[in-house]
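Written out below as structure tokens is the structure these notes cover.
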Amino acid sequence: MLTLTSEAAARIRGLVEHPDNPNRSGLRITDDTSGRFVLSLAAEPANEEQVIDTGGAHVFLDPTAAKALDEQTLHATTDAQGRVRFSVAPRTTASEPA
């Protein structure tokens, strides 16, 4: 199962925190059939999606993305302009889930 670093969990919570968003809002990751992943914000998971909940940060994975990201860790960084960048890397003993 995909794990999140504490930084990724914090960034996801920050992206979805808004009074108009339901508590179940999260980051959706889908596979676009070319082997690339598409990230978007979603109010709730779709029926077939795997739900990852790490410290209140929700990630919704479509079945293809869930399989491809198994044993991976989602990382997040913020660039000098304040933009959040997500990346995935194989889980290692050094990868600390939140």
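Things worth noting here:
- Residues satisfying the stated conditions in region 46-73, i.e. in contact with a helix residue (DSSP H, G or I) (Cβ under 8 Å, 6 or more places away or on another chain) and either of a type in the set (D, E, K, R) or closer than 9 Å to residue 31 by Cβ (or both): 48, 49
- Any hit, region 60-69, residues being assigned to a helix (DSSP H, G or I) and touching a Gly at 6+ places or on another chain (Cβ under 9 Å): yes
- Scope region 56-80; condition among the hydroxyl-bearing types (Ser, Thr, Tyr), closer than 20 Å to residue 6 by Cβ and surrounded by fewer than 19 Cβ atoms within 10 Å (Cβ to Cβ); matching residues: 77, 78
- Within region 24-46, residues that are within 14 Å of residue 88 (Cα to Cα) have Cβ atoms under 9 Å from residues that are crowded, with 18+ Cβ neighbours inside 10 Å and among the polar types (S, T, N, Q) in these pairs: 37/30; 38/30; 39/30, counting only partners at least 6 apart in sequence or on another chain.
- The residues on offer are 73, 77, and the sole one that is in contact with a Ser or Thr (Cβ under 6 Å, 6 or more places away or on another chain), in a strand (DSSP E or B) and at pLDDT 90 or above is 73.
- Qualifying residue in region 58-65 (condition: touching a Lys or Arg at 6+ places or on another chain (Cβ under 7 Å), modelled with pLDDT of 95 or more, over 14 Å from residue 88 (Cβ atoms) and not aromatic (Phe, Trp, Tyr)): yes
- In region 25-56, the residues that are among the acidic types (Asp, Glu) and farther than 16 Å from residue 10 by Cβ: 31, 32, 44, 48, 49
- Selection of region 45-55 for residues being loosely packed, with under 15 Cβ neighbours inside 10 Å, among the acidic types (Asp, Glu) and in a loop (DSSP other than H, G, I, E, B) yields only 48.
- Residue that is nearest to residue 72 (Cα to Cα), among those in region 1-44 that are β-branched (Val, Ile, Thr) and assigned to a strand (DSSP E or B): 3
- Residue check, residue 37 among the aromatic types (Phe, Trp, Tyr) and at pLDDT 95 or above: no
The values are calculated or read from the model by the stated rules, or taken from the named source; none is laboratory data. On a predicted model such as this, the values are computed, not experimentally measured, just so you know. Virtual Cβ from ideal backbone geometry, glycine too; neighbours counted across all protein chains shown.
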